[in-house]
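Worksheet: one structure, shown below.
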Amino acid sequence: LAHGGGGRAMTRLIEELFAAAFDNRWLAAGDDAAAFPAPAGRMVMATDSHVVTPLFFPGGDIGSLAVHGTVNDVAMGGGRPLYLAAGFVLEEGFPLADLRRIVGSMAAASREAEVPVVAGDTKVVERGKADGVYISTTGVGVVPEGVAVGGARARPGDRVLVSGTLGDHGVAILSAREDLGFGTELQSDSAPLHGLVATMLEAAPGVRCLRDPTRGGLAAALHELARHSGVGMRIREADLPVREEVRGACEILGLDPLNVANEGKLVAVCPPDAAPALLAAMGGHPLGRAAAEIGKVTADERGFVEMETAFGGTRLVDWLYGEQLPRIC
Amino acid sequence: MGRPATAAVGGERIRVRGLVQGVGFRPTVWRLAREEGLTGEVGNDGAGLWIRIWGPEAVRARFRERLRAEAPPLARIEALEVESLGSGPAPARFSIASSGGGTARTGVASDAPVCPACLAELLDPGDRRYRYPFLNCTHCGPRYTITTAIPYDRPNTTLAGFPLCGDCSREYADPGDRRFHAQPIACPACGPALVLRDSEGRPEAGDPVSGALAHIRAGRIVAMKGVGGYHLACDARDPGAVPRLRARKERGGKPLAVMAANPASLERWARIGPAERDLLGDPARPIALLAKRGRAEAELPGIAPGLAEVGAMLPYAPIHYLLFHEAAGRPAGTGWLGEPQGLLLVMTSANPGGEPLVTEPDEAHRRLAGIADAFLDHDRPIAVACDDSVARLRSDGRRLLLRRGRGHAPRAVPLPRKGAPVLATGAWLKNTVCLTRGDEAHLSQHIGDLANPAAVRAMEGAAAHLEALLETAPGAVACDLHPDFPSTHLAHRLAEVRGLPVVPVQHHHAHIAAVAAEHRLGGPVLGLALDGVGLGDDRAAWGGEMLVVDGARYERLGHLTPLPLPGGDRAAREPWRMAAAALHLLGRGAEIETRFGHREGAGLLARMLEREAACPWTTSAGRWFDAAAGLLGVREVCGYEAQAAMELEGLARAQPEPVEEPGGFRVAGPELDPTPLLEALLEEPDPARGAARFHAGLAAGLAEWARWAAAARGLTRVVLGGGCWANTLLAGKVRRRLEASGLTVFEAEAVPPGDGGLSLGQAWVAVRSLEED
Ligand SMILES: [Fe+3]
Ligand SMILES: [Mg+2]
Ligand SMILES: [Zn+2]
Ligand SMILES: [Zn+2]
């Protein structure tokens, strides 16, 4: 790709590529803005910028990730995602073939999720000013009547559930980036969760909180919920679903699966009496087969997130400031 | 009214500062004055103790001398200030004034072991306190652990709920009695009592002491409530009980402390000379690390496996003496305590899962369920949980405190000078907090590793308790640079709530400052900080640092050659990973799989090292020890913190001196590179000789490096700080070399060299930095 202000050939190339891949009437119309009818009810909107190394990894690439990430953010607001907009920042010299591949996978993800990309923009920046490609996506959706999920709604005694195994995405990315040869078992879990969320809200409309444990992993998600709700959390290590191969990779890499990113998992908090129905509904959905109840919400003004360890002790679950820094003195 | 005042004589007012309240000082003054025929008055006030005496100058001088020499055992005089009252009519007699107003600024005493007089009563069948486990007097007994608030008066202790009987009231009120104003005074008629309970918490009939001993003799594990918390006790010589205790406590190979009736009872298993005897008998009654004799490994196999030392302590609470007394067949008097006794108890802190000590019966029955077969409980509440202190002798005969707990807390550490009050929150492992007031640093008792919520709450509680006891609110909060320590979070939270500045202090700067503060060193010093890891100001994992420290400032002159840390903290628990890292550094990465092929993931680890994936770099000295232990086959995976280094030291100690130094080291300007040392060890078939060679070589390298730095900066004082200096073999070697070069060496003594002493260093750095603002 060549960078440059609006070289006509360049612009047409990209427009054609996108229009063909996403193939919908809004893009075909060629306007700068997409117009669509607003359904009744509350709207939700979310935006996310996607930066990942490597761009292609087992189980996905930056294109599918850009769709899933924002679709999931809308879904975690209790919303049914309707439309997406995408902004691309491309580095000069980025291979066109790679761009085609990314756009293709993004289009496939959007079709699978049934959420069209209705507006977009592309900028090409000088070599060295970006790392290949960055994609920002924004999504809008509608929240069904009677649904009220939010990060500040957890109450002591509530149950905490996760939709599946932890750490798959982060470990797959690390393995692919460093070429450590863990084998092919490690795959990103990147997936759109709004279908699962719809199923969950139907079975248990009283769900209080939903959160996708992406960057910072489950630990960060639980801490955010605890902080916003002014409560603590107590989870059980023995009940955390973690794939054997992920556990093994974490052992050797010295990572805690609780701190590792996921892209197709969610955490739910619900009142105790709703937990059985919710868990059953999750387990019946293809993206929730390994769902588990992992702990409960506690009354704790300090907002401690603690874990009963497999050995019967209790330890604090860290909310890391950034990357995991060595600390054993 | 009394008799008229006698003829005019000289008088003076004496102000006694220090730890002089709640320790029986007033009656001592009263007795000495009467013996010397002086008249006047003694009293307490907010600044300490005041005395007015009248009499001939020579007699008054002798009185002052005796005051210093015969001060009560728990007192600590910091200053005697004398002011003449001229001459005038003297009062007719000497009297004790009741406590005046004002704030007691003299601190709370540490807990003290049973004094000889109380011990004699305890074992005297004719005494009204015969076999009474809660006897004490102004010279002994619990202090810090029972104090809920100041001033130190009975209502502010956990004995508030025990009204005194007539006999105790009389003793308490009589200035001539050893129990005059002994706040925790108690007797069988009015004080706390022991109860023996079964594993379900049901009281057991019969005498609690003989019942508990019967359980121990039957191989069972008894949870015993003591002074600062519960111990788990069992028969140390029972081949079934010790492994059972280990298994139930899930303690891995971590050493267990033992308690014996007297030093003579320990001599079979440990080398005990005069210095060891003194250490065991210290008023803090620490767990003393004693060199094992050969037969210890075979006869006490599960006590301190693989280590060269065994941790032992003597009885300090009456209940301990009663157990030994029972085992000896309840002889009358104390004579039997001069003879070796057969009973050897394991006495390990009851802190399941690494959480803070269990202190009260309800909690014990809950948290120790499945661990203890019986509970020896009592109803004197523990206000402050306090672990046993742990101490070791240095190679130069001085003492080194490794854990500062009962008997030492909350004794103040005098600072080089006065400053603003600062609270410091420590780091992560073996944590303590520290509050300064004036020119004193008040270090909390050992709190433990901040890995669980209970320990974090204990840290917050300890900080609040210090503030209350000292009536001091900090003007700044100091903490570590590490963003993910709960101690750092606490510092920021307190600072935010109270609108105070936070002073983040680099970890190794704090280590050196702690030792410098303890020795009251001003001006720049060379700091050789060796430990596990602490975050550097470049966010890298430091741990083998040559610093110039001058108050609030430090400069990093140099460091050990960095090692990759494959898997981060995981590598600190698995020395084989550090061995692999060393092989990689030596260009012998291909050997990782041949040497460690039996370890799962060895091949993957080799690839991680090649690609520098999940391999942060560290200059940690501790990890160099791990690498040596891993390469020598001493230890591949640690069951507890610093196990590999402790075992390596133990092996090295057993080797005859002098030790042949291996291939050496490189001092390349600011960097000390021990890789040639490790390369030489690769061909060493004997792990013990290898361990000794490693110590000798590293000490030589460290000394040369320090000499280079001292010459480069024109400094002559070298301060050794950081957890690696708990290794007295290494410290002794380095010290001797540096002293031979004309340098002066300062080591930790009363404050642990490792992270247990870090809060002191943080506080001192913060005090200094506030001065500069
Ligand atoms: Fe340290
Ligand atoms: Mg997101
Ligand atoms: Zn006494
Ligand atoms: Zn009494």
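The values are calculated or read from the model by the stated rules, or taken from the named source; none is laboratory data. Everything numeric here is computed off the predicted structure, so don't read it as measured data. Ideal geometry is used to build each Cβ from the backbone, glycine not excepted, and the neighbour counts take in all protein chains shown. Accessible surface areas use protein heavy atoms only, side chains included; no ligands, DNA or RNA. Shrake-Rupley method; radii C 1.70, N 1.55, O 1.52, S 1.80 Å.
Where in chain A is the longest stretch that carries no GluC sites (Glu not before Pro) classed as loop by DSSP and with at most 16 other Cβ atoms within 10 Å?
A:186-300
Can you work out ³J(HN,Hα) from phi for every residue in the stretch B:427-444, in order, using Karplus 6.51 cos²θ - 1.76 cosθ + 1.60 and θ = phi - 60°, giving whole Hz and x for Gly and Pro?
For the stretch B:427-444, the Karplus-derived couplings read 10, 10, 8, 6, 6, 9, 10, 9, 10, 9, 9, x, 9, 10, 10, 9, 9, 6 Hz, x marking Gly and Pro.
Counting helices only, and only those DSSP H runs with n ≥ 4, report the 222 nm mean residue ellipticity of chain A as the sum of -39,500 (n - 2.57) divided by its residues, in deg cm²/dmol to the nearest 500.
Numbers: 9 runs with 105 residues, N = 329.
It comes out at -10000 deg cm²/dmol, rounded to the nearest 500.
Using a 1.4 Å probe and ignoring any ligands, DNA or RNA, find the accessible area of A:M76 and quote it in Å² to the nearest 10.
20
Counting Lys and Arg as +1 and Asp and Glu as -1, what is the net charge of the other residues whose Cβ lies under 12 Å from the Cβ of B:L164?
Details: positive: B:R154, B:R170, B:R179; negative: B:D167, B:E171.
Result for the local shell: +1.
From the phi angles alone, apply the Karplus equation (6.51, -1.76, 1.60; θ = phi - 60°) to the stretch B:29-39 and give each ³J(HN,Hα) in whole Hz, x where the residue is Gly or Pro.
Karplus-based 3J(HN,Hα) across the stretch B:29-39 equals 4, 4, 5, 4, 4, 5, 5, 8, x, 8, 10 Hz.
Relative contact order (percent) for the stretch B:8-96, with alpha-carbon contacts under 8 angstrom and 6 or more residues of separation?
51
Each residue of the stretch B:720-727 in turn: what ³J(HN,Hα) in whole Hz from Karplus with 6.51, -1.76, 1.60 and θ = phi - 60°, glycine and Pro shown as x?
These are the phi-based 3J(HN,Hα) values: 9, x, x, x, 5, 7, 5, 6 Hz.
For a quick check, take a GNM of chain A with Cα springs below 10 Å and name the residue from A:L65, A:L96, A:L240 with the largest mean-square fluctuation.
Highest fluctuation of the listed residues: A:L96.
Nearest 100 Å² is fine: how much accessible area is buried between B and A, summed over both sides, with a 1.4 Å probe? Walk me through the numbers on the way to the answer.
Details: alone 28060 and 15740 Å², together 40680 Å².
For B against A, buried area totals roughly 3100 Å².
Between the stretch A:266-320 and the stretch A:227-246, how many Å separate their Cα centres?
Between the Cα centre of the stretch A:266-320 and that of the stretch A:227-246, the gap is 5 Å.
By how many degrees, 0 to 90 and rounded to 10, does the Cα axis of helix B:728-740 deviate from the longest principal axis of chain B?
90
If I ignore ligands, DNA and RNA and count only protein heavy atoms, how much of B:R202 is accessible to a 1.4 Å probe, in Å² to the nearest 10?
140
Pull up the DSSP beta bridges for chain A and report the antiparallel fraction as a percent, rounded to 5.
Values: 39 of 51 bridges.
Roughly 75 percent of the DSSP beta bridges within chain A come out antiparallel.
Put simply, what bits of the stretch A:287-329 lose 40 Å² or more of accessible area when the other protein chains are there, versus the chain on its own (1.4 Å probe)?
Buried on complex formation: A:R302, A:F304, A:T314, A:L316, A:Y321, A:L325, A:P326, A:R327, A:I328, A:C329.
With r defined as the distance between the Cβ atoms of B:L586 and B:R13 and R0 fixed at 56 Å, what FRET efficiency is calculated, to the nearest 0.05? Don't skip to the answer; put the middle values down first.
Values: r = 72 Å, r/R0 = 1.29.
Result of the calculation: an efficiency of 0.20.
Taking the Cα centre of each part, how many Å lie between the stretch A:134-198 and the stretch B:546-621?
34
What whole-number distance in Å separates the alpha-carbon centres of the stretch A:9-34 and the stretch B:327-353?
When both Cα centres are located, 88 Å separates them.
Which of A:G284, A:G217, A:G312 moves most in a GNM of chain A, Cα contacts under 10 Å?
A:G312
Just the number, please: carbon plus sulfur as a percent of the accessible area of the protein assembly as shown, 1.4 Å probe, no ligands or DNA/RNA counted.
Values: 20650 of 40680 Å².
That share works out to 51 percent.
Order the following by accessible area, largest value first: A:L253, A:L287. Probe radius 1.4 Å; ligands, DNA and RNA are ignored. It would help to have the intermediate numbers written out before the result.
Values: A:L253 5, A:L287 60 Å².
Result of the area sort, largest leading: A:L287, A:L253.
Just the Cα atoms of the protein assembly as shown: what Rg and Dmax do they give in Å?
When restricted to Cα atoms, the protein assembly as shown yields Rg and Dmax of 33.9, 120 Å.
How far apart, in nanometres, would the label points at B:Y640 and B:D198 be if each is projected 7 angstrom from Cα along the Cα-to-Cβ direction?
For the pair B:Y640/B:D198, the computed spacing is 3.2 nm.
At a threshold of 8 angstrom on Cα-Cα distance, excluding pairs fewer than six apart, so keeping six or more, what relative contact order does the stretch B:388-437 reach in percent?
Working: 54 pairs, mean separation 12.4, N = 50.
It rounds to 25 percent for the stretch B:388-437.
Out of residues 5 or more away from B:L563 or on other chains, whose amide H comes under 5 Å of its own, with H placed 1.01 Å from N in the peptide plane?
Those qualifying (amide H under 5 Å, at least 5 residues apart or on another chain) are B:T618, B:T619, B:S620.
Among rounded, prolate and oblate, which fits the stretch B:334-402 when a ≥ b ≥ c are the square roots of the eigenvalues of its C-alpha gyration tensor, a/c under 1.5 means rounded, and a/b larger than b/c means prolate? Please report the intermediate quantities before stating the final value.
On the way: a/c = 2.20, a/b = 1.41, b/c = 1.56.
Oblate is the answer for the stretch B:334-402, as a/c is 1.5 or above yet b/c matches or exceeds a/b.
Roughly what % of DSSP beta bridges within chain B run antiparallel, to the nearest 5? Walk me through the intermediate numbers first.
Details: 84 of 112 bridges.
Around 75 percent of the beta bridges assigned by DSSP in chain B are antiparallel ones.
If you take every DSSP beta bridge fully contained in the stretch B:1-155, what fraction is antiparallel? Give it as a percent rounded to 5.
Values: 26 of 29 bridges.
The answer is about 90 percent antiparallel.
Let me cross-check A:W319: its accessible surface, 1.4 Å probe, with only protein heavy atoms counted, in Å² to the nearest 10?
Only protein atoms counted, so the area is about 90 Å².
How about the stretch B:649-754: which GluC sites (Glu not before Pro) there are in a DSSP loop, with at most 12 other Cβ atoms within 10 Å of their Cβ?
Numbers: sites: B:E649, B:E660, B:E671, B:E679, B:E683, B:E704, B:E739, B:E747, B:E749; in loops: B:E660, B:E683, B:E747, B:E749.
Answer in residue order: B:E660, B:E683.
Angle, helix A:168-178 long axis vs. longest principal axis of chain A, Cα atoms, 0 to 90°, nearest 10?
Tilt of helix A:168-178: around 60 degrees.
Straight-line reach from B:K418: which aspartates and glutamates have Cα under 16 Å away, leaving out those fewer than 8 places along the same chain?
Cross-link targets: B:E78, B:D439, B:E440, B:E518, B:E771, B:E772, B:D773.
Cross-link candidates for A:K129: which aspartates and glutamates have Cα within less than 14 Å, leaving aside residues fewer than 8 places away along the same chain?
A:E91, A:E92
Check cross-link reach from A:K296 to the lysines: straight Cα distance under 21 Å, and skip same-chain residues fewer than eight apart.
The qualifying lysines are A:K265.
Can you compute the modelled spin-label distance between B:A740 and B:Q341, with each label point 7 Å from Cα toward Cβ, in nm?
About 4.6 nm separates the two model spin labels.
Summing -39500 (n - 2.57) over the DSSP H runs of n ≥ 4 in chain B and dividing by its residue number, what mean residue ellipticity at 222 nm do you reach, to the nearest 500 deg cm²/dmol? If you can, show how the numbers build up before the last one.
Working: 23 runs with 248 residues, N = 773.
Calculated mean residue ellipticity at 222 nm is -9500 deg cm²/dmol.
If exposed means no more than 12 neighbouring beta carbons inside 10 Å and the site is in a DSSP loop, what's the longest run of chain A without any exposed trypsin sites (Lys or Arg not before Pro)? Working shown, then result.
Details: sites that count: A:R127, A:K129.
Free of exposed loop sites, the longest segment is A:130-329.
Output the 0 to 90 degree angle, nearest 10, between the alpha-carbon long axis of helix A:8-22 and the longest principal axis computed from the alpha carbons of chain A.
The angle comes out near 50 degrees.
In terms of the Cα gyration tensor, with a ≥ b ≥ c the square roots of its eigenvalues, is the stretch B:8-96 rounded because a/c is under 1.5, prolate because a/b exceeds b/c, or oblate?
On the way: a/c = 1.72, a/b = 1.60, b/c = 1.08.
Note, shape of the stretch B:8-96 comes out prolate.
Would you work out the relative contact order for chain A, in percent, from Cα pairs under 8 angstrom that are 6 or more residues apart? Spell out each step's value before the answer.
On the way: 724 pairs, mean separation 71.1, N = 329.
Contact order relative to length: 22 percent.
With a 1.4 Å probe and all protein chains kept in place, how do B:T147, A:T309 rank by accessible area, largest first?
Values: B:T147 0, A:T309 30 Å².
Final ranking, largest accessible area leading: A:T309, B:T147.
Kindly identify chain A as rounded, prolate or oblate by the Cα gyration tensor criterion: order the square roots of the eigenvalues as a ≥ b ≥ c, call it rounded if a/c is under 1.5, otherwise compare a/b with b/c, prolate if a/b is larger, else oblate. Don't skip to the answer; put the middle values down first.
Values: a/c = 2.22, a/b = 1.42, b/c = 1.56.
Because a/c hits 1.5 or more and a/b fails to exceed b/c, chain A counts as oblate.
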